[in-house]
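Undergrad: Quick one: structure below, then a few questions.
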Amino acid sequence: MRVVSVPLSLRVATSMLALSVPLVALELIIHARQPWWNLPYTSLQGWGVGVGIVCALLAYWTLAMKRWALPLMASIAVIWCCVSLTLTIRSENIALGFFTLFISMFWIGVYFWLDRELDRSFLNSRKTWYQGLPEPIAGLLCDVPSAAQHLRVSRIDQDGAFVFSKYADKIENLGQVTELVFNYRNRQIRCMGKPVSILDGEVGFGFQFQHVSVDAKKNLGDFIEVLRGEGHVP
C-alpha cells in the first residue's frame, strides 16, 4: 500500500507530533526549578533536537502509511511518561506530576487520533498479509466509467471507499477526480472520488469522496445505511 495524496485530516493529526518539542523543553524547565537566567539551556537544546528528529521520522513513516509507526510511537510515549513519573516521585515535584498527567493525556489523544485517521476507508483496505486481495462486500459493485471496469468494494463510508479488481487486474485510466458508480441490488449511487492510496500492483485504490453536495450526501448516507442494516458496514 502506498499513498499518492495525503488527506488533510491526516496531515493535521500528524502535525501534532511537532508539539512534543516544546513539551519536552517545558518538562525540563519544570524539573529544573531554576530562574530563567539559570536554566539548563544546553540540555534544552540537546533534548529538543533529539525529540524533534524522532518525531520527524515518526511523522514521515506515518504519512508514508507505515502502520508499524503507530505502535512505535506508543512505545516511545509510554517510556516518556514512565520517565516523567519516575522524576516526579524522586524530586517530589508537584508541578511535574501535573505535567506528567497532561503529557499522558496528550499522547493518548494523539495515538487515538492517528489510529482513527489511518483506519479511514480510503487508507485501509483491511487486507491481511496472507490475502492477495481484500475481502469484498457481498453484492456491492463499483463501476468506473473511465477505467471501463467493474470493481469490488472492500470498504465504504460517507468519506470514501476502497475498490479493487476482482481478478487482480491493473486499474488504469484514473484521473485526478474519478466518477464512481456503486451498485447494490436495486440501488445505485454516484460519487466523485480522488485517488488517495494504491494497493500493490495498482489492483486497488482508496478513493476519498470529493464535491459531495447536500443531496448527494443524504443519498450516500441512505445507501450506506442499507449496507449497515445488512451487516456489511460497521
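The values are calculated or read from the model by the stated rules, or taken from the named source; none is laboratory data. All values reported here derive from a predicted model rather than from experimental measurement. Neighbour counts run over all protein chains shown; Cβ positions are idealised from the backbone, glycine included. Keep in mind that these areas ignore ligands, DNA and RNA; they rest on the heavy atoms of the full protein, side chains included. Shrake-Rupley method; radii C 1.70, N 1.55, O 1.52, S 1.80 Å.
Undergrad: Restricting to segment 21-34, name every residue that is more than 22 Å from Val78 (Cβ to Cβ) and open to solvent by 50 Å² or more (accessible area, probe 1.4 Å).
TA: Ile29, Arg33, Gln34
Undergrad: May I pose another question? Any residue at all in segment 32-39 that is without any contact (Cβ under 8 Å) to a residue 12 or more places away in the chain, of a type in the set (Phe, Trp, Tyr) and farther than 30 Å from Lys127 by Cβ?
TA: Looking through segment 32-39, at least one residue is without any contact (Cβ under 8 Å) to a residue 12 or more places away in the chain, of a type in the set (Phe, Trp, Tyr) and farther than 30 Å from Lys127 by Cβ.
Undergrad: Further, regarding this structure: How many of the residues in segment 140-194 are on the phi > 0 side of the Ramachandran plot and touching a residue at least 60 places away in the same chain (Cβ under 8 Å)?
TA: Adding up the residues that qualify gives 0.
Undergrad: Every residue in segment 24-73 that is under 25 Å from the mean Cα position of the chain (by Cα), within 20 Å of Ile103 (Cα to Cα) and outside any helix (DSSP H, G or I), please.
TA: Those that are under 25 Å from the mean Cα position of the chain (by Cα), within 20 Å of Ile103 (Cα to Cα) and outside any helix (DSSP H, G or I): none in segment 24-73.
Undergrad: With the condition kept exactly as written, say whether any residue in segment 108-118 is over 30 Å from Phe164 (Cα atoms) and not hydrophobic (A, V, I, L, M, F, W, C).
TA: Within segment 108-118 (the criterion being over 30 Å from Phe164 (Cα atoms) and not hydrophobic (A, V, I, L, M, F, W, C)), the answer is yes, since at least one residue qualifies.
Undergrad: List the number of the failed condition for His150; all other conditions in (1) open to solvent by less than 60 Å² (accessible area, probe 1.4 Å); (2) more than 24 Å from the chain's Cα centre (by Cα) hold.
TA: (1)
Undergrad: Which ones in segment 80-113 are open to solvent by less than 40 Å² (accessible area, probe 1.4 Å) and more than 20 Å from Pro22 (Cα to Cα)?
TA: Scanning segment 80-113 gives a single hit, Ser91.
Undergrad: Same structure again: Where in segment 149-234 are the strands (runs of 3 or more DSSP E), entirely inside, with at least 2 residues that are basic (Lys, Arg) and out of contact with any Ser or Thr (no Cβ under 6 Å at 6 or more places or on another chain)?
TA: Details: elements: 149-156, 160-165, 178-184, 187-198, 204-210.
Once the strands (runs of 3 or more DSSP E) in segment 149-234 are filtered for at least 2 residues that are basic (Lys, Arg) and out of contact with any Ser or Thr (no Cβ under 6 Å at 6 or more places or on another chain), what remains is 187-198.
Undergrad: How many residues does segment 41-79 hold that are closer than 24 Å to Asn124 by Cα, surrounded by 16 or more Cβ atoms within 10 Å (Cβ to Cβ), of a type in the set (Gly, Ala, Ser) and modelled with pLDDT under 95?
TA: 0
Undergrad: Among the residues of segment 1-20, write down those that are open to solvent by less than 50 Å² (accessible area, probe 1.4 Å) and more than 20 Å from Phe205 (Cβ to Cβ).
TA: Hits for segment 1-20 are Ala13, Thr14, Leu17, Ser20.
Undergrad: Let me ask another. Take the conditions open to solvent by less than 70 Å² (accessible area, probe 1.4 Å), at pLDDT below 90 and either among the small types (Gly, Ala, Ser) or over 23 Å from Trp61 (Cα atoms) (or both) and apply them to Ile156. Does it pass? Walk me through how you get there before you give the answer.
TA: Numbers: open to solvent by less than 70 Å² (accessible area, probe 1.4 Å): yes; at pLDDT below 90: no; either among the small types (Gly, Ala, Ser) or over 23 Å from Trp61 (Cα atoms) (or both): yes.
Answer is no for this residue.
Undergrad: If you don't mind, another one. Just the residues that are touching a Ser or Thr at 6+ places or on another chain (Cβ under 6 Å) and without any contact (Cβ under 8 Å) to a residue 24 or more places away in the chain, please, taken from segment 93-123.
TA: Gly97, Thr100
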